[in-house]
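Have a look at the structure below, then the notes.
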Amino acid sequence: MAESDRVLTLPFSGLAGWLLPGTVSASAVLDRFIIWGTRVEGKRIQQDAKISAVRAGRPTRAQQAQRHEELLAVALDVFLERGFEQATMEEIATCVGMSKRTVYAYYEDKAALFKAAVRRAIELYTLPREAIEALVTDDLEETLVAIGRQRIANISTPVATKLQRILGAQSFRFPALFNESFEQGAGPVIDVLSRLFERFNATGEIDVAEPQRAAVAFLSLVVSGPARIIVSGNVLDEAEMEARIRFAVGLLLNGMRRR
């Protein structure tokens, strides 16, 4: 009798529980193990294939967030270049490499996408209050010069320049967005300046009855002029920029100092 035809006696419980009770040959046991192993391996391959398909077809949350950021950035560029009326959802979808259906899944219409793109630009443009407060010292004039430099440098960034241009062109259509931009972008600067003027008013160095109005006047006198030049596409060299900032700060302080 061949080795593979030897008879094995296996109990019904334990390892042989899935076999017929009684006596079976070694070759039969081997065949059944091969069949069982093949089935298990086949199921594992199918499960791995399903997992791979899900991973390949469905982006992660991080990837989705990145694509959304790209959509808003591209939309801002298209709206800036084409104008609100001439820009289309189809063009934006093509430029960002999305289907029009996907874009509409994010935003119901062009106006909603425009508002979202501008609001995202406002978020990127706005400096945190801590960055402004870090410039405050006991020297009022030098503090104002430093804040003026920071504000103008921030307006010079690509996203801020785009934001100012698009708001200038579309503020009549979306006045609330213009107000949001001012409140969020300039609000922290005005708050820091207001407290600064209150502090130096209390020491007697300046005489300011309305610190908040004085803060807004600072932005108009020190920042607005250079900002308009930058947004228009012209360039001010560093020395000229510094001279303009210091001249405007000096003019402002001359009107604030006690007589």
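Between Arg173 and Leu251, the FRET efficiency from the beta-carbon distance, with R0 = 45 Å, is close to 0.80.
Computed from backbone phi, the HN-Hα couplings of segment 213-230 come to 5, 5, 5, 5, 5, 4, 4, 5, 7, 8, 9, 4, x, x, 4, 4, 5, 5 Hz, rounded to whole numbers (Karplus: 6.51 cos²θ - 1.76 cosθ + 1.60, θ = phi - 60°; Gly and Pro given as x).
In loop segments of segment 150-200 as defined by DSSP, the chymotrypsin sites (Phe, Trp or Tyr not before Pro) with at most 16 further C-beta atoms inside 10 Å of their C-beta are Phe172.
Which FRET efficiency value, to the nearest 0.05, do you get for Val216 and Glu141 by plugging their Cβ-Cβ distance into 1/(1 + (r/R0)^6) with R0 = 30 Å?
Computed FRET efficiency for Val216 and Glu141: 0.95.
Here the calculated FRET efficiency for Thr94 and Arg129, from their Cβ-Cβ distance with R0 = 41 Å, stands at 0.55, rounded to the nearest 0.05.
According to the square roots a ≥ b ≥ c of the eigenvalues of the Cα gyration tensor, what is the shape class of segment 131-243, taking rounded for a/c under 1.5, prolate for a/b larger than b/c otherwise, and oblate for the remainder? Note, shape of segment 131-243 comes out oblate.
All of the numbers you see were taken from the coordinates with simple rules; none came from a lab. Just so it is clear, the model here is predicted, and its values are computed rather than measured. As a convention, Cβ positions derive from the backbone with ideal geometry for all residues, glycine included, and neighbour counts pool all protein chains shown.
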